[in-house]
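Student: Shown below is the structure under consideration.
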Amino acid sequence: MKTFCGGANPTTGAPDREEESEEFDYHQEIARSCYADMLHDHDRNEKYYEGIRGAVARLKARGETVIVLDIGTGTGLLSMMAVTAGADLCYAVEVFKPMAEAAQNIVQRNGFSDQIKIINKHSSDVSVGPDADMQTRANLLITELFDTELIGEGALPSYEHAHRHLVQERCEAVPHRATVYAQLVESELLWGWTQLQPTEVGGLRLLPPPAVSRCAGAHSVCDVQLSQVSPASFTPLSPVCSMFSVDFSKPVSSAFQTHSSQFVARGSGRGQVVLSWWDLHMDPAGDVVCSMAPSWMYADPKGAPWRDHWMQSVYFLPEESPVTEGAELRLTVCHDAYSLWFSVQPHSQKDQQTEAPPPRPNCTCQAHLVWTRPRFGELNDRRRTERYVQALRSVLKEDGVCLSVSDGSLLPVLAHLLGAKKVYSLENSRMSKQVIEQVMEANGVTAGVELLEIRADHLSRNDLGDQQVSLLMGEPFFSTSLLPWHSLFFWYCRSALSGLLRPDATILPCSASLHVAAVEFQDLWRIRAPCGRCEGFDVSPMDEMVQRSLDFRESREAEPHPLWEYPCRALTPSAAVMTFDFTQCVPTQPISSQGSLPLVRSGRCHGVVLWMEYQLTDDISVSTGLTAPISEQGGCEWSRHRKQAVYFLRSPWQSSGDGGAALSYSFTFEPGSGDVRMDFSVGAL
């Protein structure tokens, strides 16, 4: 049986009804699950094991039979730890069927089938009774239900239900407690991820719409590897505040709650952003702590554990709040069952008793629904904007007709401010059109720019006032793009519009090139590396399951990652491996490229990074990947605004760096599908 996967092809824009095997979704979910990341987190595993041993020992000391409920068991690792520590019986609950099957195999392989029962259900569907899933309530509750925001995966409702229906009173819990921390900061970098900033470039001043500046923004958390955000890029205005704790050994409520922490401002500035993380106390005394703090909170940052399943959170305040050093302030966090939001107020006991709790942030301007946080950052990148302004100045003709093809782009406004008398822009949605209309109004652009909700292949000369286009421009940026080459959609639009272009029309960018470099990842390799044995337990059935799913389709595909968050070293030079000429239409025949890159630095080659660079004019280019030359040691600086593509090698290659080995590559661009097919191998020369 086949499954049809509908939607639009992100590169060609054509309706996509690709026929897939009925197993496609199954294998895709497993291949991208990244369970290996958690199993490679030795700090997490070690702390859990220590907490479990202590909890079992306390129950045994009270003369109790130890019955464990392990919610979200995954591979069954924590249940096996519990049995090894002396637990008598474990009920291991896992809702994801493939993972439950893997856990069953792992438990059997390690000889624990008689003491661990795998239950393939959501914990809220588990029943207790003589003929039910659990014969009796548990007295040790073990869970791993957390996400970067702590509660975003439904930890509170799951704990609430478990205490009501599945565990005994006075049970032990591992973890025993979680504490959420927060720090108020000022940061131009981070604030630029939620607010469009006024920009002055080349004599132009671009203002944000008042509605955007007043908007509280999207309420969803921004999860990020804060260790890669330098402390130099923000100013702390408060100490690190302990906001609230949850004791998992007692009944838990998922109802709305608010908590406040009073502090004295440690500096003056604009309160804009709250940085937040949490830690887990695995025991009642708090002696065994697993912390999610960023590395710059450690005395030795290099000793901080790396994890990608739990990162840190950035919350944007609804509006900037002026802060004066020495002022007494109050940082407030509200949470429901699944999310948190913050606000800051002057400290007053009287006000605290009468104030209504701060409402959840809600976007009223639509910009936060059109532009993602990286997109806000990209639009606020002054150096990047300067390049587009320089390029536009060099190609604009006063009497020309400009057509912009990009989603939610400021290029049409910039072109008009630079003197273009008539500019058209194709917008992918009504909401995107309305946001750009707000930008136009804020900058006095009342005529000369016309926004069209028309697909490129449906545009006619009549839509352009019976005029031909002299400048076709794009960033290019499209909200449907996941991988770097998906922005080749601009090329397909250019081809569809060829009949509307003047014979001497300028195309900006005039071309694009696909670049690659082989790299050694500092930590990201863990999400794909097999585990084999974890804390003494054989978890290889999970490795085998993941590899089968990767082999099903994804092992020869690249995946998107924001590499500024994941440090790596380049072991080869970077190189352009394919070029796409936008001055010509998309060819009918495939484009192929083969070659090799020498491994010139020592290290462990984990994979290949791919990105696009756009040649705006002959001498002005924009990169979506490397933003500076590779350093002598192989250090890489990556764009924060776009995700790069990563192709993981099935087996890492140890490079001696003497040039005696090379990365061989083969690429084929298929015009019909827009796919870039690739293959890599590493070997001695």
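The values are calculated or read from the model by the stated rules, or taken from the named source; none is laboratory data. Since the structure is predicted, the reported quantities are computational estimates derived from the model, not experimental observations. Reconstructed Cβ throughout: ideal geometry from the backbone, glycine too, with neighbour counts over all protein chains shown.
Table: residues versus (1) at pLDDT 95 or above; (2) charged (D, E, K, R).
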{"site": "Gly129", "(1), (2)": "yes, no"}
{"site": "Asp133", "(1), (2)": "yes, yes"}
{"site": "Glu144", "(1), (2)": "no, yes"}
{"site": "Leu150", "(1), (2)": "yes, no"}
{"site": "Leu156", "(1), (2)": "yes, no"}
{"site": "Val167", "(1), (2)": "yes, no"}
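Student: Then there is this: So, of the residues in the stretch 519-544 that are in a loop (DSSP other than H, G, I, E, B) and of a type in the set (A, V, I, L, M), which turns out to be modelled with the lowest pLDDT? Before the answer, list the steps.
Tutor: Taking the stretch 519-544 first, the residues in a loop (DSSP other than H, G, I, E, B) are 522-523, 528-532, 535-536, 539.
Remaining after also requiring of a type in the set (A, V, I, L, M): 529, 539.
Working: Ala529: 90, Val539: 95.
Per the criteria, the residue is Ala529.
Student: Within the set of pairs 6+ apart or on separate chains, which have a first residue in the stretch 408-424 that is on the phi > 0 side of the Ramachandran plot, a second that is assigned to a helix (DSSP H, G or I), and C-beta atoms under 8 Å apart?
Tutor: Correct list of pairs: Gly408/Val370; Gly408/Arg375; Gly408/Ser432; Gly408/Val435; Gly408/Ile436.
Student: Oh, and also: For the list (1) within 14 Å of Pro236 (Cα to Cα); (2) in a loop (DSSP other than H, G, I, E, B); (3) not hydroxyl-bearing (Ser, Thr, Tyr), I need the number of the one condition that Gly271 fails.
Tutor: So Gly271 meets the others, but not (2).
Student: Across the stretch 280-306, what is the number of residues that are of a type in the set (Asp, Glu) and touching a residue at least 60 places away in the same chain (Cβ under 8 Å)?
Tutor: Number of matching residues: 1.
Student: Taking the options Asp43, Asp70, name whichever one is modelled with pLDDT of 75 or more, in a strand (DSSP E or B) and of a type in the set (Asp, Glu). Reasoning before the result, please.
Tutor: On the way: Asp43 fails: in a strand (DSSP E or B).
Just one listed residue meets the conditions, Asp70.
Student: Shifting gears a bit: Scan the stretch 360-398 for residues that are free of Cβ contacts under 8 Å to residues at least 60 places away in the same chain and farther than 23 Å from Gly192 by Cβ and jot them down.
Tutor: Glu398
Student: Between Leu141, Leu150, Leu166, which is farther than 24 Å from His309 by Cβ and surrounded by 21 or more Cβ atoms within 10 Å (Cβ to Cβ)?
Tutor: Leu166
Student: Given the structure, is Leu184 closer than 30 Å to Ala232 by Cα, of a type in the set (A, V, I, L, M, F, W, C) and surrounded by fewer than 17 Cβ atoms within 10 Å (Cβ to Cβ)?
Tutor: Working: closer than 30 Å to Ala232 by Cα: yes; of a type in the set (A, V, I, L, M, F, W, C): yes; surrounded by fewer than 17 Cβ atoms within 10 Å (Cβ to Cβ): no.
For Leu184, the condition - closer than 30 Å to Ala232 by Cα, of a type in the set (A, V, I, L, M, F, W, C) and surrounded by fewer than 17 Cβ atoms within 10 Å (Cβ to Cβ) - is not met.
Student: Please verify whether Trp653 is touching a strand residue (DSSP E or B) at 6+ places or on another chain (Cβ under 6 Å), outside the structural domain of Trp193 (by TED's automatic domain parsing) and of a type outside the set (Lys, Arg), treating the condition exactly as stated.
Tutor: Numbers: touching a strand residue (DSSP E or B) at 6+ places or on another chain (Cβ under 6 Å): yes; outside the structural domain of Trp193 (by TED's automatic domain parsing): yes; of a type outside the set (Lys, Arg): yes.
In short, yes.
Student: Additional query: Is there a residue being within 30 Å of Ala420 (Cβ to Cβ), of a type outside the set (A, V, I, L, M, F, W, C) and in a helix (DSSP H, G or I) anywhere in the stretch 348-370?
Tutor: Of the stretch 348-370, the ones within 30 Å of Ala420 (Cβ to Cβ) are 365-370.
Adding the requirement that they be of a type outside the set (A, V, I, L, M, F, W, C) leaves 366, 368.
Next cut, in a helix (DSSP H, G or I) only: 368.
Yes - at least one qualifying residue is present in the stretch 348-370.
Student: With the requirement that a residue be aliphatic (A, V, I, L, M), under 16 Å from Met612 (Cα atoms) and at pLDDT 95 or above, what does the stretch 548-590 give you? Show your work before the answer.
Tutor: First, pick out the residues of the stretch 548-590 that are aliphatic (A, V, I, L, M): 550, 558, 563, 570-571, 575-578, 586.
Keeping just the survivors that are under 16 Å from Met612 (Cα atoms) gives 558, 563, 575-578.
Passing the criteria: Leu563, Ala575, Ala576, Val577, Met578.
Student: Hey, among Val289, Val240, Val274, which residue is at pLDDT 95 or above and crowded, with 19+ Cβ neighbours inside 10 Å?
Tutor: Working: Val289 fails: crowded, with 19+ Cβ neighbours inside 10 Å; Val240 fails: crowded, with 19+ Cβ neighbours inside 10 Å.
So the residue among Val289, Val240, Val274 that is at pLDDT 95 or above and crowded, with 19+ Cβ neighbours inside 10 Å is Val274.
Student: Mind checking which residues of the stretch 84-123 are aliphatic (A, V, I, L, M), more than 19 Å from Gly532 (Cα to Cα) and surrounded by fewer than 24 Cβ atoms within 10 Å (Cβ to Cβ)? Steps first, answer last, please.
Tutor: First, pick out the residues of the stretch 84-123 that are aliphatic (A, V, I, L, M): 85, 87, 89, 92-93, 95, 99-100, 102-103, 106-107, 116, 118-119.
Checking which are more than 19 Å from Gly532 (Cα to Cα) leaves us with 85, 87, 89, 92-93, 95, 116, 118-119.
Answer for the stretch 84-123, where residues must be aliphatic (A, V, I, L, M), more than 19 Å from Gly532 (Cα to Cα) and surrounded by fewer than 24 Cβ atoms within 10 Å (Cβ to Cβ): Ala85, Leu89, Val95, Ile119.
Student: Any residue at all in the stretch 601-624 that's farther than 19 Å from His515 by Cβ, over 25 Å from the mean Cα position of the chain (by Cα) and not in a strand (DSSP E or B)?
Tutor: no
Student: Could you identify the single residue in Ala337, Ala304 that is among the aliphatic types (A, V, I, L, M) and in contact with a Gly (Cβ under 9 Å, 6 or more places away or on another chain)?
Tutor: The conditions single out Ala337.
Student: Let me ask you something else. Please determine whether any residue of the stretch 181-201 is closer than 30 Å to Ile142 by Cα, touching a residue at least 40 places away in the same chain (Cβ under 8 Å) and over 21 Å from the mean Cα position of the chain (by Cα).
Tutor: First, pick out the residues of the stretch 181-201 that are closer than 30 Å to Ile142 by Cα: 181-183.
Remaining after also requiring touching a residue at least 40 places away in the same chain (Cβ under 8 Å): 181-183.
Add one more test, that the residue is over 21 Å from the mean Cα position of the chain (by Cα), and what stays is 181, 183.
Scanning the stretch 181-201, I find at least one residue that is closer than 30 Å to Ile142 by Cα, touching a residue at least 40 places away in the same chain (Cβ under 8 Å) and over 21 Å from the mean Cα position of the chain (by Cα), so the answer is yes.
Student: Something else: Got a number for residues in the stretch 118-162 being under 21 Å from Asp88 (Cα atoms) and out of contact with any helix residue (DSSP H, G or I) (no Cβ under 9 Å at 6 or more places or on another chain)?
Tutor: So the answer is 7.
Student: In the set Val333, Val344, Val314, which member is in contact with an Asp or Glu (Cβ under 9 Å, 6 or more places away or on another chain), among the hydrophobic types (A, V, I, L, M, F, W, C) and in a strand (DSSP E or B)?
Tutor: Of Val333, Val344, Val314, the one residue that is in contact with an Asp or Glu (Cβ under 9 Å, 6 or more places away or on another chain), among the hydrophobic types (A, V, I, L, M, F, W, C) and in a strand (DSSP E or B) is Val314.
Student: Would you check if there is a residue in the stretch 174-187 being aromatic (Phe, Trp, Tyr) and not in a strand (DSSP E or B)? Working first, answer last.
Tutor: Applying the first criterion (aromatic (Phe, Trp, Tyr)) to the stretch 174-187 yields 181.
Those still in the list that are not in a strand (DSSP E or B) too: none.
Taking every residue of the stretch 174-187 in turn, none turns out to be aromatic (Phe, Trp, Tyr) and not in a strand (DSSP E or B).
Student: Show the residue pairs that are 6+ apart or on different chains and have beta-carbon atoms under 6 Å apart, the first residue being within the stretch 68-85 and assigned by TED's automatic domain parsing to the domain that holds Ala155, the second being of a type in the set (S, T, N, Q) and in a loop (DSSP other than H, G, I, E, B).
Tutor: Ser79/Thr73; Met80/Asn110; Val83/Gln115
Student: Name every residue in the stretch 84-106 that is assigned to a helix (DSSP H, G or I) and under 22 Å from Ser127 (Cα atoms), in order of residue number.
Tutor: The answer is Lys97, Pro98, Met99, Ala100, Glu101, Ala103, Gln104.
Student: Looking at (1) crowded, with 17+ Cβ neighbours inside 10 Å; (2) of a type in the set (Ser, Thr, Tyr); (3) modelled with pLDDT under 95, which one does Ser639 not meet, given that it meets all the others?
Tutor: (3)
Student: From the residues in the stretch 457-476 that are of a type in the set (Gly, Ala, Ser) and either assigned to a loop (DSSP other than H, G, I, E, B) or out of contact with any strand residue (DSSP E or B) (no Cβ under 6 Å at 6 or more places or on another chain) (or both), which one is nearest to Ser511 (Cα to Cα)?
Tutor: Gly474
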